[in-house]
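The values are calculated or read from the model by the stated rules, or taken from the named source; none is laboratory data. As the structure is a prediction and not an experimental result, all values here were calculated from the model. Neighbour counts run over all protein chains shown; Cβ positions are idealised from the backbone, glycine included. Heavy atoms of the whole protein, side chains included, go into the accessibility calculation; ligands, DNA and RNA do not. Shrake-Rupley method; radii C 1.70, N 1.55, O 1.52, S 1.80 Å.
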Amino acid sequence: MKRTKGAFVWWGIIIIAAAVLLSRTATDGKASKAGKETVTTVYLAGDSTVAAAPPSLAPRAGWGEMLGDWFDDKVIVKNRAASGRSAKSFIEEGRLDRILHELKQGDYLFIQFGHNDEKANDPERYTEPFASYQAYLKQYIDGARVKGAIPVLITPVERRRFSADGRALNSHGLYPAAMKALGEREHVPVIDLTAKSRQRFEQLGPEQTKRLFLWLEPGEHRNYPNGIKDNTHFHRRGAKEIARLVAEGIVELNLPLRRHLICSPEREPIRDR
């Protein structure tokens, strides 16, 4: 009788151990599957209107700093934009190569240049719209495609420039048209941020757009004791608004990324953040 009872006890221990092992295996398998779930990375190549600004320049910000806020945790934004770069100088400094080294199949490469390509007196950065500008941009496209990634062209965001009667003006000449023509020729999606930002600035008007850009009164911020009137670089709230326009472009192009947007990029009031 004692022997039978002992056998039952041992069998009970074996059954419990097996159940624990199965449970642990199932849990580990689930965790392993979740750990292997695909995460898409969006790399940003661009200039200071995209790049993250250092604390010493706050409240200045680039729209690339704000783009990640639009996505769920299945998308990571890596902002590799750098101040003062053109499509040419970004490549010649090896910055594109560093992105391509990391880029993997299914990732995205967002490309916005134009502000510094326009500087005809600077041979290290200047490109001609329908010639060298397109040739350099094609290197980004080709590099991304070789890695199985998706290139997306983004025309340069507008500066704050208005006519006497309050119309928002084009400040980038032929560069947006050259980028769009390249996109059509190479079958690359294009977010026309030039047109989107100009339309938004015109809706807001000359005075209200000052809140989007780095316009500060003397003493308003410790980083700018004498104030500043910058019609190119954004205040944080402006960078947030431009990131919204980029998210809007993602939806309009029906990119697969749109499935990971955590809210609709419908127009919202301009406010502090």
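Jot down the radius of gyration and Dmax of segment 63-195, Cα atoms only, both in angstrom.
15.1, 49
Spin-label point model (7 Å from Cα, Cβ direction): what's the GLN208 to ARG145 distance in nm?
4.2 nm
Read phi for every residue in segment 129-146 and hand back ³J(HN,Hα) as whole Hz from Karplus 6.51 cos²θ - 1.76 cosθ + 1.60, θ = phi - 60°, with x for Gly and Pro.
x, 9, 10, 5, 4, 5, 5, 5, 4, 5, 5, 5, 4, 5, x, 5, 5, 4
Using the structure shown, select from LYS180/LYS229; LYS78/LYS229; LYS88/LYS210; LYS88/LYS180 the pairs with a Cα to Cα distance greater than 25 angstrom.
The answer is LYS180/LYS229; LYS78/LYS229; LYS88/LYS210.
Please give the contour-minus-distance gain from HIS187 to HIS101: 0.36 nm per residue of separation, less the Cα-Cα distance, rounded to one decimal in nm.
Extending this stretch completely gives an extra 28.6 nm.
Once each part is reduced to its C-alpha centroid, what is the distance from segment 58-113 to segment 179-232 in angstrom?
Between the Cα centre of segment 58-113 and that of segment 179-232, the gap is 18 Å.
Given a 1.4 Å probe and every protein chain left where it sits, what share in percent of the accessible area of segment 134-273 is carbon and sulfur?
48 percent
Which order do the peptides 242-252, 160-170 come out in when sorted by mean C-beta neighbours inside 10 angstrom, highest first?
Going from most to least packed, we get 242-252, 160-170.
What number, in nm² with one decimal, is the all-direction average of the projected area of the convex hull of the alpha-carbon atoms of segment 161-221?
Averaged projected hull area, Cα only: 5.6 nm².
Residue-wise, which Karplus ³J(HN,Hα) couplings in Hz belong to segment 228-239, taking 6.51 cos²θ - 1.76 cosθ + 1.60, θ = phi - 60°, and x for glycine or proline?
Result, rounded to whole Hz: 7, 10, 10, 9, 10, 9, 9, 6, 3, 5, x, 4.
Run through all the Cα pairs of segment 149-273 and give the fraction in each 5 Å bin from 0, expressed as whole percent.
Cα pair-distance distribution for segment 149-273, in percent: 2, 10, 18, 20, 18, 15, 10, 5, 2, 0, 0.
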